[in-house]
Structure formats: C-alpha cells, structure tokens
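A.B. asks: Before I ask anything, let me first share the structure, which is written out below as structure tokens.
The values are calculated or read from the model by the stated rules, or taken from the named source; none is laboratory data. For clarity, every value in this text was computed on a predicted model and none was experimentally measured. Cβ sites come from the backbone with ideal geometry, for glycine too, and all protein chains shown count toward neighbours.
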Amino acid sequence: MTTPVPRPEPSPPPGPGGASRRAVLAAALAAAATPALAAPAPATPPPAGASAAPPPGTMNSVDNRFWTTREDWRSGTGPGTRVARGPRPGLTIRTPDGVTAHRDPHTGRTDSYEYAVWTSPLHRGPVPATEIVPSWNADTPPGTWLAVELCGAYQDGSRTPWYVMGRWASGEGEIRRTSVDGQGDGRSSVSTDTVAVTDPASGTRLTGYRLRVVLYRLPGTGATPTLWRVGAMSSALPDRFTVPASAPGHAGELAVPCHSQEIHAGRYPEYDNGGEAWCSPTSSTMVLEYWGRGPSTDDLAWVDPAYADPQVCHAARYTYDHQYRGCGNWPFNAAYAASYRDMNAVVTRLGSLNDLEGLIRAGIPVITSQSFLATELTGAGYGTAGHLMAVVGFTGAGDVVAHDPAAPTNDAVRRVYRRREFENVWLRTRRHGADGKVASATGGVCYLYWPREATAAQRRALEAVGIR
C-alpha cells in the first residue's frame, strides 16, 4: 500500500537544525467543495567501448495518459470549443457555453467570464491507482484563464466528485493561480495537486478518471485560452524503504546551466519566504535555459536590477500557488515551463535510474523530487522533507550528476551523488524522518520538459517511459 507523498519542499539551509515548513500531504480532507462551474547542448559521449545501458526500468505501476492531438480533442466532448489549426493543435473557445461569475478568494474580486467546457473520455489505467497527478500545457493571454478538474472512478463503479486540480493562468491579470483545499469524499481527497486514496489499506482504488477543462475569458472579447496538452499520471507503488539497485548504463553529461536558490534568500518573501524555498522554480529555470527558453528582458523588468539571475525570481513568482503558499506545486511548474515557445512539460514517475539514463542519453535533463536525512545522501550537507534538483548526467562509474539548487553559489550547484544513495532516496515510498517516525516519500516523481522540435531519439526516449 502507499500513502500520499510529501509535497516538494525547499531544502533547509545546510547545517543542523533546518526543517521544512510542510513535510507531508494532508490526509482525509473535508467534504468536497465543488466550483460553480465545473536546440539543446549535446551529451558528453560515453567512453569508447562502453557497454550499452540496460533497457529502461519497467513501469508496471505507473500509467500516463495525455490528450494532445486533434483526434484526442475530438474524442472528448466540448460543444463550445474548437481545435485551432496549426502544427500544434490546441483547444480554444469557439462559442461560449455561458457566462458565470467567479470570485477570486485571494483578491476578493468578483468578475464575469464567458466559458466553454471540454471533458475527456473515461481513461482506465492498466493498474488500479492510489494516486493521480494531472498536468497541463496552455497559453492564457490577458483576460483569460482555465480550471482543470478530475473525476475518478472507483473499482465498484462509483465516482469521486469533480475535484478542482488547479485554477491557472500564466499571468496575474484575472486570477491568482491556486490549488483548492478541502476536497474529499471520505475515500479519496485532494492534497494540493494530487488525488490520493485516503486509506490504501482498505483496498480502495481508482480504476480510471475523466478530466474536465473549463476555458474562461472576459465577455465580448476575442481572446481565448489555448490548451495544448492535458493528462495525468496515475500510480500504485508498493510500500518500500529500499529499492532494487540498477546496473549503471553510460549516459554522459548534459551542458545545463547552474543556478542557486540560496543566492536569492530573502528576496521577494511574498513568494514562499524568498529564494531559500525556491528549489522547484530554480530547477525549472535551469532546464528551460538548457532548451534555450526563458523570460524576456521586458518580462524581467519588475525584478530589482541589483539582483543576479532575475529569471529565477520570475519563475518563483509565476509558479507560486496562492493557496499552497509555495512554489512547489508540481503541475504549476510544468505549466510554467510549457508557457514558453513550443515547450512540452509533464509530471510523471520513473521506475529506475536506467529510465533516467535513457533520457539523459537522448539529451533530456530530468527534474527529480526526493526527501532524505543528511546522512542518506553523501555530499548534500543537508536533510529535507522534499526537495527538487535537476539530474544532468552520470559519471563513468554511474554516479549521478545533479544540479542541486540548494548550493551557496552558482559555482557550487554541480554535485556528484552516489548512485545507490540517490536511487534509493528518489524512488522509495517510505522513509524515516529526522524524528525517527515513518514518513512517506516521493516514489520517483519528476518533471520532464522538452521542445516540440525534439529529435526522433528524444521522442523514443520519452515513449520508453510512457510519455507521448
């Protein structure tokens, strides 16, 4: 059985005494509150004569389903929507289904919006799940926003309520992007960005789900959100404190920029107490820059010109979840990354370091989420209940090369972590916390970002881990 995983958290400052603000997902939330409406740098080549890596790890407990194509959009229902033409078919508002009033709980402002709703067909995964994490890629020009909702199917044929998984916009003109607390039906609940079975030991499982996306715009305008991708990762991972060791497969190292979250400590404390908590947006910034994407000079005009690396401040502001009060909302980071030109981004789980090596070999860095005591990851110098970093390669011996944003300077961001230690703290689902009590762990959660112009080899590597 599994338990809800911990939210991605900032690492505490190196040294004793650090503690994260939120260690685990909330359990057994109150009854559901339904809304009114429903060219990259090449990898370092492996040494001559190096043996090929073993095939990617099996993903029998993880299922990914994403709607992205014209045929995908047409498989759902959405009379007020249409599919925009072009090389990247996107779902837009055609004729609004109606007009509704929305009160933003974080601004107190009420506005009227036209809306159109698209609902996916029921997707049944190959393995009944204990957790489902959605993610989406969209464009929301001024005057527009969207909401993503999920309805799970239980094995007895009953359904969850329609859970709101995010009210999102890339900007801040209309709403404050937010998750929604207080949703549950006694058998499952929502913790920030994850639908989780409340008591996996009961045998309750989610055998499928539908997604519903509500596109909003100010009345009388021609503006519309465009939804490029929406889907979810569902999983049912075994409880385990340790995971099987994988055999190293040579993968090389990618030329990913280095950024420290710690140099931003104290900056813009309104976004989760400043840079010390910005592991997720800092990691997203590093990988976006690897792909040649990032905010423009005009985008960064709001940042104090005395601050180095203003793009990290920008990422923190535009991934910030006003309900969670942090920058670690997984799908919000993916949606931020995909707001840049022709980018794709998903939240998923991988099964082993061999899966990760296959992506690195193809030129795709991976942002991983893990939790550990200071004694469990040699060279980190800190412990954390949840922290993100970018894995950019492997040494010849198979150890992990990570760009860890919990470094005092940009020059100190590149770290080499022992393969066995890293694999275990990333992939396990159970751990012992600093207080000695059993806690949950992330079970291989990661962000994958890649451009539409990905190579054939990169697409094959993504397909090998279930992403299309």
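A.B. asks: Would you pick out the residues in segment 380-438 that are of a type in the set (Asp, Glu) and over 24 Å from the mean Cα position of the chain (by Cα)?
C.D. replies: Matches in segment 380-438: ASP399, ASP411, ASP435.
A.B. asks: Further, regarding this structure: With the checklist (1) more than 28 Å from THR455 (Cα to Cα); (2) surrounded by 24 or more Cβ atoms within 10 Å (Cβ to Cβ) in hand, flag the one item HIS403 doesn't pass.
C.D. replies: (1)
A.B. asks: Something else now. Please specify each residue of segment 254-271 satisfying the condition of being closer than 18 Å to ASP304 by Cα and touching a Phe, Trp or Tyr at 6+ places or on another chain (Cβ under 7 Å).
C.D. replies: GLN261, HIS264, ARG267, TYR271
A.B. asks: Which pairs turn up if I take residues in segment 431-442 that are over 15 Å from GLN370 (Cα atoms) and look for partners that are surrounded by 16 or more Cβ atoms within 10 Å (Cβ to Cβ) with beta carbon separation below 9 Å, at least 6 apart in sequence or on another chain?
C.D. replies: Hits for this filter: VAL438/ARG430; VAL438/ARG431.
A.B. asks: Also: Can you pull out the strands (runs of 3 or more DSSP E) entirely within segment 106-170 that have at least 1 residues that are farther than 26 Å from VAL445 by Cβ, of a type in the set (D, E, K, R) and touching a strand residue (DSSP E or B) at 6+ places or on another chain (Cβ under 8 Å)?
C.D. replies: The qualifying strands (runs of 3 or more DSSP E) are 110-119.
A.B. asks: Which one of PHE394, PHE372, PHE422 is in contact with a Ser or Thr (Cβ under 8 Å, 6 or more places away or on another chain) and hydrophobic (A, V, I, L, M, F, W, C)?
C.D. replies: PHE372
A.B. asks: Tally the residues that are over 20 Å from PRO141 (Cα atoms) and part of a loop (DSSP other than H, G, I, E, B), restricting the search to segment 68-94.
C.D. replies: Count: 4.
A.B. asks: Are there any pairs, at least 6 apart or on different chains, whose C-beta atoms fall under 7 Å, with the first in segment 149-174 and over 21 Å from ARG217 (Cα atoms) and the second acidic (Asp, Glu) and buried (at least 23 other Cβ atoms within 10 Å of the Cβ), and if so, which?
C.D. replies: TRP162/GLU149; TYR163/GLU149
A.B. asks: Among ALA439, ALA385, ALA434, ALA402, which is in contact with a helix residue (DSSP H, G or I) (Cβ under 8 Å, 6 or more places away or on another chain), of a type outside the set (D, E, K, R) and outside the structural domain of PHE66 (by TED's automatic domain parsing)?
C.D. replies: The conditions single out ALA402.
A.B. asks: Does at least one position in segment 168-184 carry a residue that is farther than 30 Å from ARG452 by Cβ, surrounded by fewer than 22 Cβ atoms within 10 Å (Cβ to Cβ) and basic (Lys, Arg)?
C.D. replies: Checking segment 168-184: not a single residue is farther than 30 Å from ARG452 by Cβ, surrounded by fewer than 22 Cβ atoms within 10 Å (Cβ to Cβ) and basic (Lys, Arg).
A.B. asks: Here's another thing I want to ask about it. Could you say which residue among TYR163, TYR113, TYR154 is closer than 26 Å to GLY466 by Cα, more than 20 Å from the chain's Cα centre (by Cα) and either aromatic (Phe, Trp, Tyr) or assigned by TED's automatic domain parsing to the domain that holds TRP330 (or both)?
C.D. replies: It is TYR154.
A.B. asks: Considering only segment 61-101, state which residues are surrounded by 15 or more Cβ atoms within 10 Å (Cβ to Cβ) and touching an Asp or Glu at 6+ places or on another chain (Cβ under 6 Å).
C.D. replies: Those that are surrounded by 15 or more Cβ atoms within 10 Å (Cβ to Cβ) and touching an Asp or Glu at 6+ places or on another chain (Cβ under 6 Å): GLY80, PRO96.
A.B. asks: Let me ask something else. Restricted to segment 441-468, and to residues that are within 18 Å of the chain's Cα centre (by Cα) and of a type in the set (Ser, Thr, Tyr), which residue is modelled with the lowest pLDDT?
C.D. replies: THR442
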